[in-house]
Amino acid sequence: MLTIVRVWILLSAGVVGAGWILSACHQLNRTGYAVASGVAIAAVWWCKGQWPGWKETRRAGRKLLRRFKRPAPGLFLVLALLSLTAGALYVGVNGDSNAYRIPRVLHWLDQRQWHWIRTVDLRMNNIGCNFEWLSAPFILFTRADHLLFLANWISYLLLPGLVFSLFIRLGVRPRVAWWWMWLAASGWCFALQAGSDLTDSFAAIYALAAVDLALRARESKSSSDLWLSLLAAALLTGVKQIDIPLALLWLVAALPAARLLLARPAMTAIVVVWGLLVSAVPLTFFNLEHQGTWTGLAKPDSGLSLDTPFWGIVGNTFCLPAQNLMPPLFPWADAWNATMERFVQTPFGAHFNSFEQFGCLSRLKHGIAESNAGIGLCLCLLIAVSILAAPQYRRRAPAGTERRNGLLIRWLRILPWPLLLLFMAEVRTYENARHLAPYYLFLFPSFLIRPGHDRLVYWRWWQQLGLLIMLGTVMLLVVSRSRPLLPAQTLLGWLHPEYPQSKLIARAMFSFNSRSAVFEAQREAFSREIPPAEAVIGYATSNGGAEPGLWWPLGCRRVERVLPDDTPEQLQLLGIHFVVLDDAGLALKGKTLDEWLKLFNGELIDQMVFKQQPNQPGSGFYLVRLHRQTNAIARPPLPP
């Protein structure tokens, strides 16, 4: 398993670094990636003596397969297979991917380089892009975005082994670490995102590998392990800026082995340069250049604000548990959210105005989905039960058998908690329980090392409870409202005529068919009405999710975002004859549909209404043909 982790880190660093280099050379195309692949193959061939032979690989494979005969590994295998099936059956339907992650890759490939995209949605430019660099070759060579989940799925397969390896190095008993490596992988944020293209749990692998390999390097005196840990830490920072504090854990773990970097200074210099390339450094540079801040966000107002880091911690002390303890189905989400909206209007609630929809739970799913899942209610309950029960099984250890941990290990168990406070003080996004995914697993060792856990895991009642929790995650994957693996609509369609007055059945039908159906319909919207010969399509929105579908067939068409201050003449100069417009774009422009059509001399060709919540009006979606502007370009005067 460790060999696979090393290969994954090298592959990730190679693909991300190649993306930046090819972009700098304006060769972000098939030829450029073919050349990069040739260089990579040559490097692998040159280092072939350092890789395990066929016999060792076959022996390790057989040993790995024997592990899955036991219940806990077997349930993890079921989770992995279900995630693979769900990812293969469904196109990515989450808001982030459709709104900016996939579109930004399409823009880069169209221009054959990374560039600052012309848009009002800053996320297309200022958010960490390492996952997108891994996605670019998939999109380029397959001409589709159907396989992007594979990066998440491969990472998910590596999760248990890394958890076990890190936990035992942080002082957790091997038997305790063995059970919790499978239980941790059943956390909802990890299992649900394994078949998706979200990037929260994806970063956890790099964080775990960075610390684990740094500790391994200290034990084995291996420079290669330290180099790989550096690359893993760099990759971690390039996924999302909110994960950058976790690099401090790597720094603490790597410091005792830092002298190994001097053994081969030339190779160390190459690794450091490559690490900078695949880290957050390039994007930070461009954010400073274009926005003036390292995050790429606008500078906050200098006026007095009630939203201090203290109130960030207080607010997240409420929000994070509320999101993590949310049950799989929560039909009272609307009432809860209405209460939260009233609360922030109070004098005390004003302290939390900087939060994005403070305290609100999922508006669209009324339950757990990949886009809002934290570690999960069931796993939180098992943690609480284990902490309370472990002291009951504590026994006095014989003299001389105490496990001694050095200062470094104790620091690595304590440091994640201050980093958690830093996250709570600064991150105030909506559904941020999933954003915390890379942090969760580093918090576990601080309570798993307590006396009693080593005996608790042997008790049948605790093992059965753990297996039941993993089985619950299996059921959650089967009935997932984003990627259901059972015919939910058919079953509910049979029940609805029998119980026509049932609000629960009606809400369940809407929940299973709401957001995913909206995204899929938006991606296919107006595909017949737009002539195939149109090379440029305008998209007027603020953060809409319809753009990926407007690019297909890939290579024959590109999409230009229509900004609020664009004029009809500018659209004509861009070659835009058709514009896809939504209500968010109209609100951004401050116009009604009729006013917009009159201003841009447009004709409404088709329109649709997408409803994502049962108690609210749907959002409009319009296809507009622009007529030629006779005064668009000033003509030079005729000669006398």
Q | Rounded to whole Hz, the Karplus (6.51, -1.76, 1.60) HN-Hα couplings of segment 9-24, x for glycine and proline | A | 5, 5, 5, 4, 5, x, 5, 5, x, 4, x, 5, 5, 4, 5, 5
Q.
What distance in nm lies between label points placed 7 Å from Cα along the C-beta direction at Q392 and E595?
A. 6.7
**Q.** For segment 544-574 versus segment 187-261, the gap between their alpha-carbon centres in whole angstrom
**A.** 38
Q.
Apply the Karplus curve 6.51 cos²θ - 1.76 cosθ + 1.60, θ = phi - 60°, to the phi angles in segment 164-177 and return the couplings in whole Hz, x for Gly and Pro.
A. 4, 4, 5, 4, 5, 6, 9, x, 7, 4, x, 5, 5, 5
**Q.** Cα convex hull volume per residue for segment 150-260 (Å³)
**A.** 93
Q | segment 381-392 - phi-based ³J(HN,Hα) in whole Hz, Karplus 6.51/-1.76/1.60, Gly and Pro as x | A | 5, 5, 4, 5, 4, 5, 5, 6, 7, 4, x, 5
Q: For segment 525-626, report the translational diffusion coefficient in µm²/s to the nearest whole number, using Stokes-Einstein at 37 °C, 0.692 mPa s, and a Kirkwood Rh over Cα pairs.
A: 237
Q) Counting other Cβ atoms within 10 Å of each Cβ, which trypsin sites (Lys or Arg not before Pro) in segment 150-232 have at most 10 and sit in a DSSP loop? A) none
Q. By counting other Cβ atoms within 10 Å of each Cβ, how are L134, L415 ranked from fewest to most?
A. L415, L134
Q: Could I have the simple spin-label model distance between R410 and H115, label points 7 Å from Cα toward Cβ, reported in nm to one decimal?
A: 5.7
Q) Relative contact order of segment 525-626: what whole-number percent is it, with Cα pairs under 8 angstrom and at least 6 residues apart? A) 28
Q | Dimensionless Rg over Rh [segment 2-291; C-alpha; Kirkwood] | A | 0.96
Q: Pop the C-beta distance of V385 and R175 into the FRET formula with R0 = 25 Å and round what comes out to the nearest 0.05.
A: 0.90
Q. In terms of Cα to Cα distance under 14 Å, which aspartates and glutamates are near enough to K221, apart from those fewer than 8 places away along the same chain?
A. D212
Q) What is the sum of charges around C189, taking Lys and Arg as +1, Asp and Glu as -1, for the other residues whose C-beta is under 10 Å from the C-beta of C189? A) -1
Q | Relative contact order of segment 2-291, pairs being alpha-carbon contacts under 8 Å that are 6 or more residues apart, as % | A | 21
Q) Roughly what would the spin-label model give for M475 and F330, points 7 Å off Cα along C-beta, in nm? A) 1.9
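Every number here is computed from the coordinates shown, using simple stated rules; none is lab data. No experiment lies behind these values; they were computed from the predicted model shown. Here the Cβ is made from the backbone with ideal geometry for all residues, glycine too, and neighbour counts use every protein chain on show.
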